[in-house]
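Report on the following structure.
The values are calculated or read from the model by the stated rules, or taken from the named source; none is laboratory data. Computed from a predicted structure; not experimentally measured. Cβ placement follows ideal geometry from the backbone for every residue including glycine, while neighbour counts extend to all protein chains displayed. Protein only, heavy atoms only, side chains kept; ligands, DNA and RNA dropped before computing areas. Shrake-Rupley method; radii C 1.70, N 1.55, O 1.52, S 1.80 Å.
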Amino acid sequence: MLIKWEAELINSCDSEACSSEWLDQPVEPYRVDLKFSDNDDINTGSRTLKILHTPGHTLGHISLYEPEEEVLICGDLFHKGDIGWLNIFREGVSSIQRSIESLDRLSMLRIQQAYSGHGPQIENPLAAIDAARERFEKWLRMPEKVAWHACKRIFSFTLIIKNGLTKEELDNYLLKCGWFQDFARYSFQIQPEEFIPILLDEMIRSGAASWHNNHLIASTPYQAPQKKWMNKNIKPKDWKPQDFLT
């Protein structure tokens, strides 16, 4: 029964898990054992974390709050000096407003320390929330910034997990990516082939990437994944029932 259930789970999530195929990003097999709702508690043994539904980055996005130490784990809602990118093709344009509403909810909490899904500890959480709200409000007035932010974040992460791409690889790689095709055609209304030099120029101009020995490399400090992990080509469509057995 377990194998049958897991096989049905694989078929149902297919390539949707974490938008893995669309982003061309590997995702190791995982299983969902418990389902939580807003305001549920997670008891870790030494601390109790409250689950807060904070949609925006995704519809199901959550944050975790520990009231005794006043610690917030905010996931990808906001970071130190940045905010999580929005997939408007999956989450819809209302994801901007949902993000603002989630920030408003968190701003009502007493927060001494905050940690996001990427980057260092956030020393002044409430100031970071205010800065994130201002940026989202700017996006409401200039929605093209949503697309630019997403493209640069997605492509930067691609360069991290692949440890850079050569000039000869770039065109063919980008044209095979669903995210690149969609943003080019539907956000910027140009052909994908025409969007390649535009995106590369913006990556360089913004400092998101730079050229090193014929390789385009992400500018943010990173540690590239081990090649043996990358060579697994882990995608949800390739998950097998035995991957979930313990």
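How much accessible area per residue does the chain have, counting only protein heavy atoms and a probe of 1.4 Å, in square angstrom? Walk me through the numbers on the way to the answer.
Numbers: 13860 Å² over 246 residues.
Accessible area per residue: 56 Å².
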### Query
Using the membrane-span-like helix rule (whole DSSP H runs, Cα extent along the own axis of at least 15 Å, mean Kyte-Doolittle hydropathy at least 0.5), which helices of the chain qualify?
144-161
#### Entry: Of all accessible heavy-atom area on segment 74-213, the percent that carbon and sulfur account for (1.4 Å)
50
### Task
Would you kindly calculate the translational diffusion coefficient of segment 105-151, applying Stokes-Einstein with the Kirkwood radius from alpha carbon pairs, for 20 °C and a viscosity of 1.002 mPa s, and quote it in µm² s⁻¹ without decimals?
177
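Just the ratio, please: alpha-carbon radius of gyration of the chain over 2.2 N^0.38 Å, N its number of residues. Each step should come with its number before you reach the end.
Working: Rg = 19.4 Å, N = 246, 2.2 N^0.38 = 17.8 Å.
Taking the Cα Rg and dividing by 2.2 N^0.38 Å, one obtains 1.09.
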#### Entry: Sum of side-chain charges, Arg47 neighbourhood, beta-carbon under 11 Å (Lys, Arg +1; Asp, Glu -1)
-3
#### Entry: Two-site label geometry, Arg31 and Ser210: point separation in nm, points 7 Å out along Cα→Cβ
4.7
### Alpha-carbon centroids, segment 168-240 and segment 39-82: separation in whole Å
30
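For segment 148-246, what does the relative contact order come out to in percent, with C-alpha contacts under 8 Å and a separation of six or more? Display every interim value, and only then the final one.
Values: 74 pairs, mean separation 33.6, N = 99.
That works out to 34 percent.
Relative contact order for the chain: what is it in percent, counting Cα pairs under 8 Å that are at least 6 residues apart? Please report the intermediate quantities before stating the final value.
Values: 338 pairs, mean separation 55.0, N = 246.
Reported as a whole number, the value is 22 percent.
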### Task
Calculate for the chain the 222 nm mean residue ellipticity that helices alone would give, adding -39,500 (n - 2.57) per DSSP H run of length 4 or more and normalising by residue count, nearest 500 deg cm²/dmol.
-12000 deg cm²/dmol
#### Entry: Distance cut-off 18 Å, percentage of C-alpha pairs in segment 19-164 lying past it
60
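Please label the shape of segment 184-246 as rounded, prolate or oblate, based on the square roots a ≥ b ≥ c of the eigenvalues of the alpha-carbon gyration tensor (a/c under 1.5 means rounded; beyond that, a/b larger than b/c means prolate, else oblate). Mind showing how you got there, number by number?
Numbers: a/c = 3.29, a/b = 1.59, b/c = 2.06.
Oblate, since a/c reaches 1.5 and b/c is not below a/b.
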#### Entry: Proximal lysines to Lys167, defined as alpha-carbon separation beneath 28 angstrom and excluding residues fewer than eight positions away on the same chain
Lys145, Lys152, Lys176, Lys227, Lys228, Lys232, Lys235
### Message
Charges on Cβ only, +1 for Lys and Arg, -1 for Asp and Glu, centred on the Cα centroid of the chain; of Ile88, Ser107, Leu200, which one is farthest towards the dipole's positive end?
### Response
Leu200
### Query
Separation between the Ile161 and Thr44 pseudo-spin-labels, each 7 Å from Cα along Cα→Cβ, expressed in nm?
2.6
